[in-house]
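Scroll down for the structure; my scribbles are underneath it.
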Amino acid sequence: MPDPSAAGSGAVVAAPYPESPVVPISPWGNARPRLGDRVFRRLAQGSGVLIVALIAAIGGFLLWRAIPALQRNRENFFSYGGSWVTSDTSAMRFGILDLLQVTVFVSVFALILAVPVALGVALFITQYAPRRLAGPLAYAVDLLAAVPSIVYGVWGLYVLAPQLRPVATWLNHALGWCFLFAPGNASVAGGGTIFTGGLVLAVMILPIITAVTREVFMQTPHDEIEAALALGATRWEVIRTTVLPFGRSGYLSGAVLGLGRALGETVALLIILRGTQAAFGWSLFDGGSTFATKIAAAAAEFDDPYQAGAYVAAGLVLFVLTFMADAVARAAVAKARGRGVRR
């Protein structure tokens, strides 16, 4: 109601409006979500749940098939250099530590070779190359991913290895004092060494890392690049202060994808590393077997559930190893992304 004391002074006092009810704000606005929006949301949620369920089902299946073989194993499953004897299913002997070491060693070696090259190619395509050259070059790099693994294996063993023989021999003689370049258990002349396998694997994962890195670098805000150039920065200073900090997390993500491909590569490494089954000695000129090549080479033994269970147990370790690598990489990506936000 109007104030009586103000009425005598001739002032006009408006009556107060009634308080408006508080309406909760919906993520879809004031209106209820439409049917199409609700259906899409349910499908997206179902897809996420389905992926998690599939991964859990794969892990459960591997564990279920591996337990009977592990119960009959008479050797430490995590032993090094142990025999792999599964013919006698009542007293099997198999260990996976040497397989784990070869898998990690050849994958990390390939990653060390591929990551700097992928970074250089991505920077050249996005920052230096003229537009008429950048498109065809990116297309040519992407085509490397379309080459079948068996072609890479044959090319690595019969074409690349003979060309690398002088380099491998020189490394043996000049740097043989270092365990990485010491004469190994595989013949350098034959080419079936981790050195050759790692080089071939680096070529195989190069397009994956390059493609992801290139796409992230292309998303760098042009305003920041133009501002740096306007302040007198050189092209390299722009890359160092703007492009690399912005794309660090994507670069690490591409490296993780490449590592996942390297850990699970089968056919190419099977062709190159099949020459020796001797124990691994931490030299680039050793041979050996990875988890994937060991499983693929023993396909004839999968008729027996216990013999197959031994290789399923090795596959289970590879499954867990991939998850561990992904977890570490995701932590590194999150840390790099946080640094990019704080800069």
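Here are a few things to note about the model shown:
- Cα long-axis angle, helix 97-123 against the chain (0 to 90 degrees, to the nearest 10): 50 degrees
- Computed over segment 64-176, the P(r) curve from all C-alpha pair distances, binned at 5 Å from the origin, holds 2, 9, 9, 12, 13, 12, 13, 10, 8, 5, 3, 2, 1, 0 percent per bin.
- In Å², nearest 10: area of VAL154 left accessible to a 1.4 Å probe: 70 Å²
- Mean residue ellipticity (222 nm) of the chain, computed from DSSP H runs ≥ 4 via -39,500 (n - 2.57), nearest 500: -20500 deg cm²/dmol
- The longest stretch of the chain left intact once loop-based chymotrypsin sites (Phe, Trp or Tyr not before Pro) with at most 11 other Cβ atoms within 10 Å are removed from consideration, loops following DSSP, is 178-343.
- The length gained on full extension between ASP142 and ARG235, counted as 0.36 nm times the residue separation minus their Cα-Cα distance, comes to 30.9 nm.
- Take the Cα of ALA57, step 7 Å toward its Cβ, do the same at GLU215, and the gap between the two points is 2.7 nm.
- Where Rh is the Kirkwood radius over Cα pairs, Rg/Rh for segment 129-226: 1.15
- Near THR290, no amide H atom lies under 5 Å from its own; only residues 5 or more places off or on other chains count, and H is placed 1.01 Å from N.
- Pairwise FRET efficiency - ILE67 versus TRP282, Cβ, R0 = 25 Å, nearest 0.05: 0.20
- With a Förster radius of 22 Å applied to the beta-carbon distance between THR169 and VAL117, the computed FRET efficiency rounds to 0.35.
- The equivalent ellipsoid that matches the C-alpha gyration tensor of the chain spans semi-axes of 55, 32, 17 angstrom, in descending order.
- For the chain, a Gaussian network of Cα nodes joined below 10 Å ranks GLY153, GLY46, GLY198 by mean-square fluctuation, and the top entry is GLY46.
- Remark: the ARG131-GLN45 segment gains 26.9 nm on full extension, using 0.36 nm per residue and subtracting the alpha carbon distance.
- Charge tally around ILE225: other residues with Cβ under 13 Å, Lys/Arg +1 each, Asp/Glu -1 each, net -2.
- Taking the longest Cα principal axis of the chain as reference, the axis of helix 194-218 is set at about 10 degrees.
- Given in Å, the Rg to one decimal and the Dmax to the nearest whole number for the Cα atoms of segment 31-121 are 22.7, 69.
- The long axis of helix 305-342 is offset from the longest Cα principal axis of the chain by roughly 40 degrees.
- Using the 1.4 Å probe convention, the accessible area of segment 97-341 works out to 47 Å² per residue with neighbouring protein chains retained.
- Orientation-averaged projected area, Cα convex hull of segment 220-343 (nm²): 11.2 nm²
- Between TRP155 and VAL85, the contour length at 0.36 nm per residue exceeds the alpha carbon distance by 22.0 nm.
- Of all accessible heavy-atom area on segment 27-148, the percent that carbon and sulfur account for (1.4 Å): 68 percent
The values are calculated or read from the model by the stated rules, or taken from the named source; none is laboratory data. Since the model is a prediction, treat every value here as computed from it, not as a measurement. Positions of Cβ are generated from backbone atoms using ideal geometry, with glycine treated the same way; all protein chains shown enter the neighbour counts. The accessibility values were calculated without ligands, DNA or RNA, using every heavy atom of the protein model including side chains. Shrake-Rupley method; radii C 1.70, N 1.55, O 1.52, S 1.80 Å.
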